[in-house]
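Presented below is the structure to which this report refers.
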Amino acid sequence: DAGVIQSPRHEVTEMGQEVTLRCKPISGHDYLFWYRQTMMRGLELLIYFNNNVPIDDSGMPEDRFSAKMPNASFSTLKIQPSEPRDSAVYFCASSSWTDGDTQYFGPGTRLTVL
Amino acid sequence: AQSVTQLDSHVSVSEGTPVLLRCNYSSSYSPSLFWYVQHPNKGLQLLLKYTSAATLVKGINGFEAEFKKSETSFHLTKPSAHMSDAAEYFCVVISTYNNNDMRFGAGTRLTVKP
């Protein structure tokens, strides 16, 4: 398996623009997680899905953030409108209960909002 | 509630000398514990995990960790550091009660001097 795939790897945008981050989990995994990593706050869980259904979105910072998982092989994290404080590395991870719930991380998307 | 404390934000060793990265955890239930490594501008890679089997866990790249319930510790060690070990290391705890509540430590930056 190619592992968790994220795109784009880097995104630079201007304040106020819409940003969409994409994730393809490992095939067969039934959990998908979105994290944000910053120097100030470290790694934060934003939201996670089980079988394409959002289970816990308490980590989503505000209404400007939304996430969807239309099918088992694709998820998006959208920020609209984006702000400079959203600049961070966003990671997607997936897991399966058959693998002891070990989360496997994608390479991340580095987002810069100017 | 559960949490992880990484006792050192930065550890510096010379190549060929032992590595010790310290981690203490707090968990109301039997925990699963992980160590992840993050190389610069890369995603997180699983080094090893403890899930209530053998208390001494061996991982990739010569790393190992020992689960000590009496000390609530899960320290990461390696007998001989290599330059390629320079990275950020994260200790992570998951409660078996809620196996999607993954708590990350703040990270320890390992520097390896030639």
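Every number in this text was worked out from the coordinates using simple rules, so none of it is lab data. Small disclaimer: the values here were computed from a predicted structure and weren't measured. No Cβ is skipped: glycine too gets one built from the backbone with ideal geometry, and neighbour counts run over all protein chains shown.
Tabulated results
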read-out	value
Karplus-derived 3J(HN,Hα), 6.51/-1.76/1.60, for each residue of segment A:8-21, Hz, glycine and proline x	x, 7, 9, 9, 10, 9, 9, 3, x, 7, 8, 10, 10, 9
Under 5 Å, built H, 5+ apart or other chain: amide partners of residue B:87	B:110
In Å, descending, principal axis extents of the Cα set of segment B:35-114	43, 26, 19
Residue (of A:70, B:24, A:113) at the positive-pole extreme of the protein assembly as shown, dipole from beta-carbon charges	B:24
Spatially proximal lysines relative to residue B:69 (Cα-Cα < 25 Å; intrachain offsets below 8 disregarded)	B:49, B:58, B:78
Size descriptor, Kirkwood hydrodynamic radius, that averages inverse alpha-carbon separations across segment A:67-114, Å	12.6
Theoretical gain in end-to-end length, residue A:66 to residue A:9 [0.36 nm per residue, Cα-Cα removed]	18.6 nm
Dimensions in Å of the protein assembly as shown - Rg and Dmax from alpha carbons	17.7, 52
Charged-residue dipole, Cβ positions (Lys, Arg, Asp, Glu), chain A about Cα centre, Debye nearest 20	280
Chain A, relative contact order in percent, only Cα pairs under 8 angstrom and at least six apart counted	37
Convex hull of Cα atoms in segment B:47-87, direction-averaged projection (nm²)	3.2
Cleavage-rule hits (GluC sites (Glu not before Pro)) in segment A:1-74: DSSP loop, at most 16 neighbouring Cβ within 10 angstrom	A:14, A:18, A:62
Neighbour-limited loop hits for trypsin sites (Lys or Arg not before Pro), segment A:1-109 (at most 15 other Cβ within 10 Å; DSSP other than H, G, I, E, B)	A:9, A:41, A:64
Mean-position separation - Cα centroids, segment A:1-78 and segment B:20-61, in angstrom	23
Orientation-averaged projected area, Cα convex hull of chain A (nm²)	6.6
